[in-house]
Amino acid sequence: MSAADWYAHKSLGEGLYWIQEKFFESSNRANIWLLRGSHQDVVIDTGLGLRSLPDYINAKGLLGEDPQRKNPLLAIATHAHFDHSGGLHQFQQVGVHSAEVDALANGDNFETVTWLSDREIVQAPWPGWRARQYRVNAVQPTHILQEGDVINLGDRQLTVLHMPGHSRGSICLHDGDNKILFSGDVVYDGAMIDWLPTSRVSDYISSCERLVGLVDSEQVDHVMPGHYHTFGAKRLHRIASEYIDRAGTCPARFSTFAWKTLAGLALRASNTSRVCS
């Protein structure tokens, strides 16, 4: 299967594209965002990497008529989990928060939470493909991101907001001028996951308090999340507020601890078997 068949895209206007892996049918299927700038274009999250995302972007002409006039396309992972970082190795320029640099550089498929099943891939990317073969390829980030860093695209800027909780290196990218938040898995319109091995509920509560603050200070109008559909400021405020109210309760903390223990055991068993196969 070619890259042109594997992906699909939709233009959202003003140089913003939504890209998705058509044959990855799962709640883990991540949104891939392409944002064009006058001097720099950015891909935010890269999916599984089973087919070449750069080839698709180039084949569809998504970078415009003369992309060579700009800096090489920069791929930024909102965090290191496999559904967001699997395609990073396909790009010359790669950015990730400093807390997750080692996980990517070492190809740590435990920290990248690499957990994929055959049933999630409804059409194989090539003959004989099996999920047990899948791993996140090691990649050395060229851009080590920290809180407050500004990614200059020329006519627009993205500010890095370190929002740990889902993972230790989770970030949002904030286009302040246009009041757009690329939120990764920090927040989306679905059940927020705080029970993975590197998740931390106390950090997640703090990040959600910060999200509420962004809405209250009228800095966000549109959220481009890591999964599912886009939404606005009111929905962001409600999702973040409900998490804060729920996460601090004793039943929620006990449930999180139990799931975290099971997830850690399952991931270790899964990735040990992948190495040995």
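The set of residues in the stretch 93-108 that are open to solvent by 20 Å² or more (accessible area, probe 1.4 Å), in a helix (DSSP H, G or I) and in contact (Cβ under 8 Å) with a residue 40 or more places away in the chain comprises S98, A99. Restricting attention to the stretch 73-91, the residues that are buried (at least 24 other Cβ atoms within 10 Å of the Cβ) and either touching a Phe, Trp or Tyr at 6+ places or on another chain (Cβ under 9 Å) or within 17 Å of I151 (Cα to Cα) (or both) total 7. The residue pairs whose first member lies in the stretch 230-242 and is modelled with pLDDT of 95 or more, whose second member is basic (K, R) and surrounded by 14 or more Cβ atoms within 10 Å (Cβ to Cβ), and whose beta carbons are closer than 9 Å, counting only pairs six or more residues apart or on different chains, are A233/K179; A240/R210.
Checking each residue in the stretch 109-129 for being closer than 17 Å to H166 by Cα and open to solvent by 50 Å² or more (accessible area, probe 1.4 Å) picks out only W115. Looking only at the stretch 163-174, residues that are in contact (Cβ under 8 Å) with a residue 60 or more places away in the chain and either in contact with a Leu (Cβ under 6 Å, 6 or more places away or on another chain) or open to solvent by less than 50 Å² (accessible area, probe 1.4 Å) (or both) come to 8 in all. Annotation for the stretch 183-203: at least one member residue is under 20 Å from D149 (Cβ atoms) and assigned to a helix (DSSP H, G or I).
Looking across the stretch 176-211, the residues that are of a type in the set (D, E) and either touching a residue at least 60 places away in the same chain (Cβ under 8 Å) or surrounded by fewer than 18 Cβ atoms within 10 Å (Cβ to Cβ) (or both) come down to D177, D185, D189, D194, E209. Residues that are in a loop (DSSP other than H, G, I, E, B), open to solvent by 90 Å² or more (accessible area, probe 1.4 Å) and more than 16 Å from G169 (Cα to Cα) within the stretch 130-156 comprise R130, D155, listed in sequence order. Could you list, in sequence order, the residues of the stretch 23-72 that are of a type outside the set (S, T, N, Q), open to solvent by 30 Å² or more (accessible area, probe 1.4 Å) and part of a loop (DSSP other than H, G, I, E, B)? Those that are of a type outside the set (S, T, N, Q), open to solvent by 30 Å² or more (accessible area, probe 1.4 Å) and part of a loop (DSSP other than H, G, I, E, B): F23, E25, R29, R36, H39, R51, K60, G61, E65, D66, K70, P72. Within the stretch 55-86, the set of residues being under 18 Å from R36 (Cβ atoms) and in contact with a strand residue (DSSP E or B) (Cβ under 9 Å, 6 or more places away or on another chain) comprises Y56, I57, K60, L62, L63, N71, P72, L73, L74, A75, I76.
The values are calculated or read from the model by the stated rules, or taken from the named source; none is laboratory data. Worth saying up front: this structure is predicted, and the values here are computed from it rather than measured. Cβ coordinates were reconstructed from backbone atoms using ideal geometry, including for glycine residues, and neighbour counts include every protein chain displayed. Remember, those area values only see protein heavy atoms, side chains included, never the ligands or the DNA or RNA. Shrake-Rupley method; radii C 1.70, N 1.55, O 1.52, S 1.80 Å.
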